[in-house]
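A short reminder: the numbers here are calculations on the coordinates, not readings from a lab. Computed from a predicted structure; not experimentally measured. FYI the Cβ positions are ideal-geometry reconstructions off the backbone, even for glycines, and counts take in every protein chain you see.
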Amino acid sequence: MSEWLVLAIAIAAVCAVVLTITVLRQRRIGEDDDPSETPDVIEYMTMMVGVVYAIVLGLAIAGVWEARGAAGDTVRTEAQALHEVSERVRAYPEATRDRIRADVDAYVSYVVHKEWPAMAERGEVTERGGELLDKVRADVTDYRPRDDYESQSYQPLLDQVAVADDARNARADSIDPTLPPVVWFGLITGAVITIGLIFTLQIRRSARELLMAALFSALIAFLLFLVWDFDAPFSRGITTAADPFTDLFPEL
């Protein structure tokens, strides 16, 4: 099921529950009821709870967005490091250069076409991807420079392979959700309390009040969906793409 379909169903369900409770509650109120009798302290408490929850929700969105940005940075770092390896081996003999470039291309092609779907479906990197990167490392490490010109390229190549390996490990760590379950419990509980407090304000069945209640509920549901979607950068709807690899290795 598409994540956007889930969002639409969730928003529709939340709005339906809020509007149904409002209508049923209004039927139980007598004609002589006066909405202006709502104590000022209840209005103040409702406002304060809404402000506090908005701050918490904003911090959660900022946190998962930052984590998603960090995941994108690791992908760019990994792709750039491999691109540097592929370019800097031009100082090596043709046979060695072609072998290293072929192994780099094989790793990049596997990551884009095989490992990315595996990350989305199973939430983990593959052993095969690690083996292909180890092969690139072995190609670079095992070569013995023949002169000073090649020696000057040897250590930078090793450094770039190390950067790529470190970025791959960071990418693997970024697959897991950022927010722990206790935070989700707080966000969902806070949403229920915040929406529930609007019933203390004695809203009526007028079109304007029902519309505002529905929009308020839909907004909270949408923001919670954003937090959930951004919480896993590689496995949900708005995912971190493999564009840095395809941009730097367009032939693949």
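Annotations
- Top positive-direction residue, dipole computed over the chain with Cβ charges, set 249, 92, 140: 249
- Its alpha carbons give the chain an Rg and a Dmax of 27.2, 98 Å.
- A simple charge model with +1 on the Cβ of Lys and Arg, -1 on the Cβ of Asp and Glu and nothing else charged puts the dipole of the chain at about 680 debye relative to its Cα centre.
- Put in order of Cβ neighbour count within 10 Å, fewest first, the listed residues 119, 45 become 45, 119.
- Evaluated at q = 0.15, 0.23, 0.26 Å⁻¹: base-10 log I(q)/I(0), Debye formula over Cα of region 128-201: -0.69, -1.01, -1.12
- Its Cα centre serving as origin, region 54-130 has a Cβ charge dipole (Lys and Arg +1, Asp and Glu -1) of approximately 100 debye.
- Highest-fluctuation residue, 200, 178, 22 considered, GNM on the chain with Cα pairs under 10 Å: 200
- Overall form of region 52-185 per C-alpha gyration tensor (a/c, 1.5; a/b vs b/c): prolate
- Computed helical MRE - 222 nm, the chain, DSSP H runs ≥ 4 contributing -39500 (n - 2.57), nearest 500: -25500 deg cm²/dmol
- Of the DSSP H helices in the chain, those with a Cα length along their own long axis of 20 Å or more and a mean Kyte-Doolittle hydropathy reaching 1.6 comprise 3-27, 181-197, 207-230.
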